[in-house]
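Structure record follows, encoded as structure tokens.
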Ligand SMILES: Nc1ncnc2c1ncn2[C@@H]1O[C@H](COP(=O)(O)OP(=O)(O)OP(=O)(O)O)[C@@H](O)[C@H]1O
């Protein structure tokens with residue numbers, strides 16, 4: 001019927017032919033992703049004139065000032081690029097693209113990329129800097145590295161991120177030109193366990209001490225001037241007593257010079273204790289404040305009459321203090337946002353931004369720091385901080401080769417889909433490994449510390465309870481546990497305070513108890529296990545941990561990096577074991593493993 005009517009129309013064959021021709025002419029309609037997302041758009045030409053937009057339209061060919069004839073006209077029958085790619089012959093002749101070997105990961109690409117050329121160039125630049133003496137730190141700060149931060153280490157050289165960041169932040173080799181009064185912005189991006197904390201802390205301490213020296217000099221001059229003034233206008237009565245000195249609080253009371261923001265109370269304690277260690281020799285006041293401390297302690301630390309230099313806090317606490325007392329951020333010259341990908345994500349971002357906005361008038365340097373730069377953060381930073389200096393280490397997003405990743409198939413015999421059983425068995429196997437595998441110093445070497453990561457908070461207690469029934473000394477660490485208990489639990493895995501044993505304390509409500517010799521016939525005496533999500537472990541320096549078990553396959557490569565990053569820290573060896581079961585992305589695990597084996601950056 002339709003055919004009959006179309007035949008009846010005199011123009012029908014012409015119309016069809018025309019529409020076919022139009023369709024053939026039209027570019028493929030498939031929507032393609034831009035390959036220039038990372039490139040900034042130039043606003044001006046090299047001569048300073050604004051870039052003219054091309055007008056493609058019916059009048060695009062009018063008012064041309066040049067002929068625009070292409071020097072080499074392509075033959076009319078030249079095949080299009082997609083055609084060349086499609087044909088076998090074309091594929092052979094087309095330049096081969098370097099393949100990164102990721103297929104499953106490409107589907108969930110989460111991390112910002114850094115070209116290998118860029119990585120090689122940084123490696124070359126850093127090769128010549130092999131001592132803290134070359135970084136431009138003042139003598140007292142430099143000396144305190146060996147005496148306070150890394151005592152006992154014989155040969156101390158700066159790590160890649162320290163070599164890159166410290167001179168850049170201090171301006172040792174000069175600073176890029178910028179408008180006067182404009183705050184400098186830095187992004188420190190380096191792999192987990194690579195010493196990022198010292199990379200930002202050292203230059204901040206240095207800057208504080210220098211500013212203090214300048215202020216002290218200015219104050220002395222001011223006092224001298226006042227004294228001279230007073231003497232000039234000295235009262236006639238020589239017996240008149242001078243007025244007693246007023247007991248005024250220190251000008252820096254409640255007004256720190258530097259603020260370090262971190263996501264958790266555990267990290268506040270960790271960074272706080274490093275800052276305090278430095279303050280023993282380089283004199284300054286560092287105050288860690290978090291919900292783990294009582295309001296009185298927080299008030300006393302912040303408003304100490306002897307003043308304050310560095311505050312280490314979570315955004316929640318500092319934002320609430322700044323709301324009632326905006327003065328607290330009125331003198332901040334240095335703001336560090338550690339774990340920036342967490343603190344600038346949806347949940348933390350409003351608070352972090354609020355603090356940043358309030359501190360901006362006095363801010364000289366903003367330092368963002370992270371081991372993972374998700375693509376979303378990358379584009380956020382490009383918009384919000386266009387002048388950001390990116391200090392990226394050559395191994396960013398790569399899990400070091402010294403960390404091995406094994407896979408246990410929980411679907412196979414004897415587990416038959418029972419992941420809890422697979423986890424318990426893996427821990428028992430770890431307990432049998434020889435002691436020399438352990439990272440930790442001799443006196444603690446016989447005790448093996450294992451972290452089990454799960455994806456959901458609720459699962460922490462379930463898994464820990466199960467492990468206890470299998471004679472394993474396991475404790476669940478989640479947000480429901482008290483902050484103080486958190487800190488104590490993690491302390492033993494950080495290797496800092498070996499005498500504290502939270503395992504001897506009463507268990508958190510709702511968790512099973514490990515009582516050696518009672519829960520089962522068999523028990524493990526040489527292993528301690530923490531079961532957690534990676535929320536509480538972000539940035540925690542668990543140097544005593546050699547083994548990490550990924551009970552669940554992590555959702556993203558970002559989680560892979562942070563979870564496996566709790567082992568193999570600062571040149572140590574480490575092992576990860578991932579338990580795969582029904583529905584888990586085995587292809588993702590396979591590619592992560594291969595990437596780790598090749599030392600490639602994950603995507
Ligand atoms: N130059 C150095 N030489 C030897 N050890 C160092 C050096 N700098 C830092 N360390 C040690 O390296 C360990 C890891 O440092 P840090 O916690 O700062 O790593 P990080 O890069 O912040 O890790 P994450 O991304 O997991 O937060 C710490 O125990 C620290 O004392």
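Selection of the stretch 357-412 for residues being part of a helix (DSSP H, G or I), within 16 Å of the ligand (Cβ to nearest atom) and surrounded by fewer than 19 Cβ atoms within 10 Å (Cβ to Cβ) yields an empty set. Return a yes/no flag: does the stretch 107-117 have any residue that is without any contact (Cβ under 8 Å) to a residue 60 or more places away in the chain, out of contact with any helix residue (DSSP H, G or I) (no Cβ under 7 Å at 6 or more places or on another chain), surrounded by fewer than 13 Cβ atoms within 10 Å (Cβ to Cβ) and not in a helix (DSSP H, G or I). Yes, the stretch 107-117 contains at least one residue that is without any contact (Cβ under 8 Å) to a residue 60 or more places away in the chain, out of contact with any helix residue (DSSP H, G or I) (no Cβ under 7 Å at 6 or more places or on another chain), surrounded by fewer than 13 Cβ atoms within 10 Å (Cβ to Cβ) and not in a helix (DSSP H, G or I).
The residue that is surrounded by the most Cβ atoms within 10 Å (Cβ to Cβ), counting only those in the stretch 530-552 that are part of a strand (DSSP E or B) and within 13 Å of the ligand (Cβ to nearest atom), is 545. Would you check if there is a residue in the stretch 268-285 being touching a strand residue (DSSP E or B) at 6+ places or on another chain (Cβ under 6 Å) and not in a helix (DSSP H, G or I)? No, that holds for no residue. Checking residue 403 against (1) more than 19 Å from residue 524 (Cβ to Cβ); (2) modelled with pLDDT under 90: exactly one of these is not met. Which one? Of the numbered conditions (1) more than 19 Å from residue 524 (Cβ to Cβ); (2) modelled with pLDDT under 90, the odd one out for residue 403 is (2). Kindly establish whether residue 565 is out of contact with any helix residue (DSSP H, G or I) (no Cβ under 9 Å at 6 or more places or on another chain) and within 14 Å of the ligand (Cβ to nearest atom). Yes; evaluated as a whole, the condition is true for this residue. Could you list, in sequence order, the residues of the stretch 553-603 that are in a strand (DSSP E or B) and at pLDDT below 90? Matches in the stretch 553-603: 601 only.
Has the stretch 162-184 got at least one residue that is within 9 Å of the ligand (Cβ to nearest atom) and either under 25 Å from the mean Cα position of the chain (by Cα) or outside any helix (DSSP H, G or I) (or both)? Yes, the conditions are met somewhere in the stretch 162-184. Using the structure shown, decide if residue 144 is in contact with a helix residue (DSSP H, G or I) (Cβ under 7 Å, 6 or more places away or on another chain) and within 16 Å of the ligand (Cβ to nearest atom). Considered against the rule, which asks whether it is in contact with a helix residue (DSSP H, G or I) (Cβ under 7 Å, 6 or more places away or on another chain) and within 16 Å of the ligand (Cβ to nearest atom), residue 144 comes out as yes. Considering the conditions (1) over 27 Å from residue 288 (Cβ atoms); (2) within 10 Å of the ligand (Cβ to nearest atom); (3) assigned to a helix (DSSP H, G or I), residue 202 is excluded by exactly one of them, (1).
One residue stands out among those in the stretch 126-141 that are away from the ligand (no atom under 12 Å from the Cβ) and part of a helix (DSSP H, G or I): the one that is nearest to the chain's Cα centre (by Cα), which is 126.
When both residues are 6+ apart or on different chains and their Cβ atoms are under 8 Å apart, which pairs have a first residue that lies in the stretch 358-378 and is at positive phi and at pLDDT 95 or above, and a second that is more than 16 Å from the ligand (Cβ to nearest atom) and in a loop (DSSP other than H, G, I, E, B)? Within 8 Å, no pair qualifies.
The values are calculated or read from the model by the stated rules, or taken from the named source; none is laboratory data. All values reported here derive from a predicted model rather than from experimental measurement. Backbone-built Cβ (ideal geometry, glycine too); neighbour counts: all protein chains shown.
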